[in-house]
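Just below is one structure, and these are the notes that go with it.
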Amino acid sequence: MDHFSLWLAAFLTLGIVSFLYKDNAWYKISEAIFVGISAGYWVVSLFWDNFYAKFWKGVFPEDQLNEAGEVIQAAQPDYWLFIGGALGLLMLLRLVPKIGWMSRWSLAFIVGATSGLWLMNYLSSNVLVQIQGTIVPLFSSAFGTGFDATWETAVQNIVILVGTFTGLVYFYFSKEHKGAFGRTARVGIFFLMITFGASFGYTVMSRMSLLIGRIDFLLHDWLGMIE
Amino acid sequence: MRREVPLIITGIVGLGFVVQYFIPHFPFSKMNDWFTDWFSIVQACAIVLGALNLLKVSLEKVAAQKKDWGYAAVIIASFLLITIVGLVEGEGFRTPGTTFDWLYVNVYIPLSATMFSILAFFVASASYRAFRARNLEATLLLIAAFFVMIGRVPVGEMISGFMPEGWRLGNLASWIMNVPQAAGQRAIMIGIGLGIVATSLRIILGIERAHIGGGE
Amino acid sequence: MSTRAKEIIAIASITVFALIFYIRKVTGGLPFEFPMAVTYGVIGLLALSLLWILILTIQGKLIERRVVFVYVAFAVGLPLFMPISQKMTISPEVQQLYDAVLEQKPGSRVLISFDYDPPSAPELQPMAESFIRLCFERDLQVIIMGLWPQGPQQANLALQKVLEEEAIAAKNLQYGVDYVNLGFQSGNEFVIQGMGDSFKKKFPTDYQGRPYDDIPMLSNVKNFYNIDYCFNLSSGFPGSVEWVQVAVDRYGQDMGAGNTAVQAPTMYAYLNANQLNGLLGGMNGAAEFEILCDYEGKGRKYMVSQSFSHVVVIAFVLIGNVAFFMSGRKSALNGEKEQA
Amino acid sequence: MTPLPPFGVTVADKPNDAGGAVTIRWRPSPDDVENGKVTFYRIYRAVEKDGQPGQFVQIDQRPAGADTAYVLHDGNADDELSYFYRVAALKLVKKDGLVVGEYLAQSDIAGPVSPVAQWFHMGRLSAFIGVAFLSFFILFFISRAKSGRTLFIRKIGGLEAVDEAVGRATEMGKSIYYISGLGDMDNMQTIAAITILGRVAEVAAKYDTYLDVPVCRSMVMVTAREIVKLAYSKVGRPDAYKDDQVHYLTDDQFGYAAAVDGMVVREKPATIFFMGQFFAESLILAETGNSIGAIQIAGTAMPAQLPFFVAACDYTLIGEELFAASAYLSKEPKLLGSIKGADIGKAVFLIAIIVGVVFEVFGIWQFSNLFSVGSN
């Protein structure tokens, strides 16, 4: 990196960090550049990656040529993409106030497709597979071996079973959390809290490493103070 | 027309995408792929609306010379700069050596990496403030966080080095992650799955219709 | 003095400070490293100031968040100057991943998906480097792709670094024969879905625009059925979750993953259900994997700072709680909001 | 030098697919042992012509070393044609890293076989039964709710607080922020968040409190505008709605976080809602909101972000609660019916877990297979 780009990157880095002290002009400039640059970045990416590469090239593909300029594979336009183009066009009708409501068709399509897809994907991956994973022989080390598990494995299996069961009870909405049911749900909350605590603890590590990366940039790449 | 047509579209399309899961035969086998492509095309069109809105709001600020209008001008300038550069440079805008790539490496990356990294500070201040053993629930949260944090770093191994193999802090952290944590995670996942099933059905059946601007 | 003037003075003094060191660097100044005595001194100072914060907190003075911030900055920054290293034990899920790679016969095809961008590089880049290096060492064929636009660029950085290494350079690996970078494809999980049908359809050309059919090592690769092992480096969506849901659940692919520490807890459920057969979680996973692969990467160097920062966070949690109990559980610290 | 060939080669149409794939199975060559002669298997295919195989062409090469059997899916087949296959064991002789000799042993020819597309994925029968049964319960309770029976739903803390939180903003004369996360409209969490926005907007309009919705996806902006506008007119204040209440910032995760952070510290809203899909920016946003003393209500189905919201917000909707929220807030019987229906599904699954575990303990494994989901 040449001097200018290093200093520019360092300027912007410190500008964002200065927000920690308080909101100030340096941060505001960095923020404004960030918003502008990133919005533009996505406009450009979506235009080339999605609109051009997907739609344009899909509908008007070029023949694949070999080095001699002969056609090895004739282009096969994918006319299904026109549906996508139509949906996109409908979306853009927002710009015309009178018929802007037509963009709802396109939204309706997207929301419908998303609902259908997510319904099945989550039912299988999140519900069925996880339930199957919970149904285990508690006391055997491998399937069909009877009651030969070490006590550690047995405890582990039982804790997972109890945690999953009580946690699900907590998410049961149509019954007041009172009495035995309420106590079960409370155990479920305990498990949820342990889950949150553990993933928080685990996350701390990740967050710190990001900072290490940035400090490494400032002290190593920019100022050359560390190895 | 304005309300009914979108409802019918949502219902039919939703049902179609449920059915495709079970039918390996063409054309159902292709629906998934098609939707991805279509969605990304719609996304590319829709961003025009967002970008114009950003420009409009910023321009209004500059025109009215509202407080901090100078920063709004910076937004407009940097947005136009990278957009024009990226569109002019063509399909290969990401190739190393282009102006777009220069902006990406020297402006975009430092900004987003730093914004990401200030999380480290927030994590520390949140732990200082929020993790108090106020009640049993909060205490469990705290204890789990504590053991995982200490067990996942070599310091934990040093402190508990005298313990027998399998009982050190690192093993305890792994146990918490693999057993109670995984159990809680599983309950959350199953709950989310069922929540999504119920919400999807509401949408497909047209009971939940806010997204298309329809009330009762 | 007006706020504006203060701000200008602050920026100016930072600039002067930076310039001094920058000129020093440009004129060939060497990096600093603390001698051992200074190292212990610094650690002592850090500990003393923590004690001071504890005393303040017990007295009921909730220290300002900015003090916490400064403290974190020092705890992460200073260890980078210290000449110390740490002992580590290998977690079973890391070992599992390593074994899974070792099980692959030479010539097997490994698909690596780079689903992250530069901000997550501190954690994932060391994993990428040591994993690719291990594959090359074991003579596995490496196919690279990305569901994030910047992923394949990160892959190239890792490749470059690994290929420069003597032992690997001696193998004289050829692009297109031993490894290939298919580049980025938009469409999130549906790309994976499409790859179950045909790789070529999703990646008609590689990163440089070379047609799929022109790449020798891909001539027998139609879809997942021709892939022996799949590895995914991810820092969010789309990432390992989607890979498991589609490539593993739908196509029965064998798979391991490297995740940022944030994502890792979610992945344990999949690890338990055997949907994954190996996991590297965060910097720790990266460092452990480096040890297994016997590779000197940044992971282990960063681990020292990591440990310090952990101790600091743990210390802050403890301080908060000690003060909370000593002040009769009802001080201003009682989880009330602080204004800063 | 030549190894013994593999044997027991069988071919069949690959089931449960869209056609175009054939499954080839074979048993290892007797020489396929550790440090044995076989290094690879080569798979050859020939198109059927008048009942006879035509020219065999190599389609794949697999490393040797499996224990008992090999399976390969040839996904390059054409439904219109029939194929023959054979597998060869290969010994490579290397010298200084270069291949100097190849010894091949061909198996018997297997086939012909022709790939077929199926109309139902048998492996997904359990998912089919699952969805049918959940839909039945949900529909049943929706129709019961329509007929006027009241349904009990337990209190959800975060949602009870919505009125109070909006009321506080009104008292303080400050605005409310609604952050709908990073997801786009192809994400159920975002769709759920947007429907909750409708209910929050109604309350805000009723109290005449300014609702600011900075978004990071254009399509979400379009949808959110529809919803907020509708909410305002529902409570009879269509004039108070302005399009720019819902405004786009940038599609970028941290660009968005930087901008929202700036807005929060400058305008100091009294109440902030975080609903939808969040990633790492969750804590940046929530801590900044916390630092200005705003009341914060969060909800997400991203397990990794939940702890941060729990730590920095006043109320947090956990996972499924986010999806139940719009129904809960609307108090509409039909919507509540769907929650009840999903609950019954949950109860059945809970019982199934217990029953299943008991079966497993006594060595009956078929039950848990009911929940298996077939892959492609």
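A short reminder: the numbers here are calculations on the coordinates, not readings from a lab. All values reported here derive from a predicted model rather than from experimental measurement. Quick reminder, even Gly has a Cβ in these numbers, built from the backbone with ideal geometry, and neighbours come from all protein chains shown.
The figures follow:
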quantity: Kirkwood estimate for the stretch A:148-227, i.e. one over the average of 1/r between Cα atoms, Å; calculated: 16.2 Å
quantity: Mean Kyte hydropathy of -1.0 or more with a Cα span along the axis of at least 18 Å, helices from DSSP in chain D; calculated: D:125-146, D:157-172, D:188-207, D:218-234, D:253-267, D:333-361
quantity: Unit Cα scatterers, Debye sum, chain D: log10 I(q)/I(0) for q = 0.06, 0.10, 0.12 Å⁻¹; calculated: -0.45, -0.81, -0.92
quantity: Rg(Cα)/(2.2 N^0.38 Å) for chain A, N = residue count; calculated: 1.64
quantity: Taking A:TRP105, B:TRP102 and counting other C-beta atoms within 10 Å, the order from fewest to most; calculated: B:TRP102, A:TRP105
quantity: The stretch D:145-192: trypsin sites (Lys or Arg not before Pro) in DSSP loop, at most 13 other beta carbons within 10 Å; calculated: D:ARG149, D:LYS155
quantity: Percent RCO, i.e. relative contact order, over the stretch D:151-331, from Cα pairs under 8 Å lying at least 6 residues apart; calculated: 26 percent
quantity: R0 of 35 Å, Cβ-Cβ distance B:LYS56-C:GLN160: FRET efficiency to nearest 0.05; calculated: 0.20
quantity: Helix runs (DSSP H) in chain B reaching 18 Å along axis by Cα, Kyte-Doolittle at least 1.0; calculated: B:4-19, B:69-89, B:136-151, B:180-205
quantity: Shielding by partners - mean other protein chain Cβ count within 10 Å, residues of C:74-80; calculated: 5
quantity: Residue order, fewest to most surrounding Cβ atoms within 10 angstrom, among A:TYR79, D:TYR210, D:TYR178; calculated: A:TYR79, D:TYR210, D:TYR178
quantity: Helix A:179-216 vs. chain A, principal-axis angle (Cα, 0 to 90°, nearest 10); calculated: 40 degrees
quantity: log₁₀ of I(q)/I(0) at q = 0.12, 0.23 Å⁻¹ - the stretch D:7-113, Debye sum with one point per alpha carbon; calculated: -0.43, -1.22
quantity: Relative intensity, log₁₀ I(q)/I(0), of the stretch C:92-296 from a Debye sum that treats every alpha carbon as a point, q = 0.07, 0.14, 0.17 Å⁻¹; calculated: -0.17, -0.72, -1.13
quantity: Amide hydrogen neighbours beyond the local backbone of A:ALA149, cut-off 5 Å, H modeled; calculated: A:SER140, A:SER141
quantity: Charged-residue dipole, Cβ positions (Lys, Arg, Asp, Glu), the protein assembly as shown about Cα centre, Debye nearest 20; calculated: 3760 debye
quantity: Dimensionless Rg ratio for the stretch B:4-120, taking C-alpha atoms and the 2.2 N^0.38 Å reference; calculated: 1.57
quantity: Helix A:151-170 vs. chain A, principal-axis angle (Cα, 0 to 90°, nearest 10); calculated: 70 degrees
quantity: Residues whose placed amide H lies under 5 Å from that of C:LEU182, excluding near-sequence neighbours; calculated: C:ILE144, C:MET145, C:TYR207
quantity: Paramagnetic reach from D:ILE351 in the stretch A:151-180 [backbone N under 16 Å; point 7 Å along Cα→Cβ]; calculated: A:169
quantity: Kirkwood hydrodynamic radius (C-alpha pairs) into Stokes-Einstein, the protein assembly as shown, 37 °C and 0.692 mPa s, D in µm²/s; calculated: 106 µm²/s
quantity: Kirkwood Rh, Cα atoms: Rg over Rh of the stretch A:1-68; calculated: 1.30
quantity: Acute angle (nearest 10 degrees) that the helix C:65-77 long axis makes with the longest principal axis of chain C, alpha-carbon atoms; calculated: 60 degrees
quantity: Label-point separation in nm, A:ASP23 to C:LEU102, each point 7 Å along Cα→Cβ; calculated: 5.7 nm
quantity: Too-long pairs where the Cα-Cα distance tops 19 Å, listed order kept, from C:LYS200/D:LYS14; A:LYS22/B:LYS66; D:LYS146/D:LYS346; A:LYS54/B:LYS30; C:LYS161/C:LYS298; calculated: C:LYS200/D:LYS14; A:LYS22/B:LYS66; D:LYS146/D:LYS346
quantity: Chain D: relative contact order as a whole-number percent, Cα under 8 Å and 6+ apart; calculated: 16 percent
quantity: Hits among lysines - C-alpha to C-alpha of D:LYS91 under 21 Å, sequence gap 8 or more where chains match; calculated: C:LYS105, D:LYS37
quantity: Tensor-based shape of chain B (alpha-carbon gyration tensor, a/c under 1.5 rounded, otherwise prolate or oblate); calculated: oblate
quantity: Gyration tensor (alpha-carbon) shape descriptor, the stretch B:128-205, a/c threshold 1.5; calculated: prolate
quantity: DSSP bridge orientation in the protein assembly as shown - percent antiparallel, rounded to nearest 5; calculated: 50 percent
quantity: Relative contact order for the stretch B:128-205, counting Cα pairs under 8 Å that sit 6 or more residues apart, in percent; calculated: 21 percent
quantity: D:LEU317 long-range amide H proximity, modeled H, under 5 Å; calculated: D:ALA298, D:GLY299, D:THR300
quantity: Longest segment of chain C lacking trypsin sites (Lys or Arg not before Pro) that sit in a DSSP loop with at most 16 other Cβ atoms within 10 Å; calculated: C:172-328
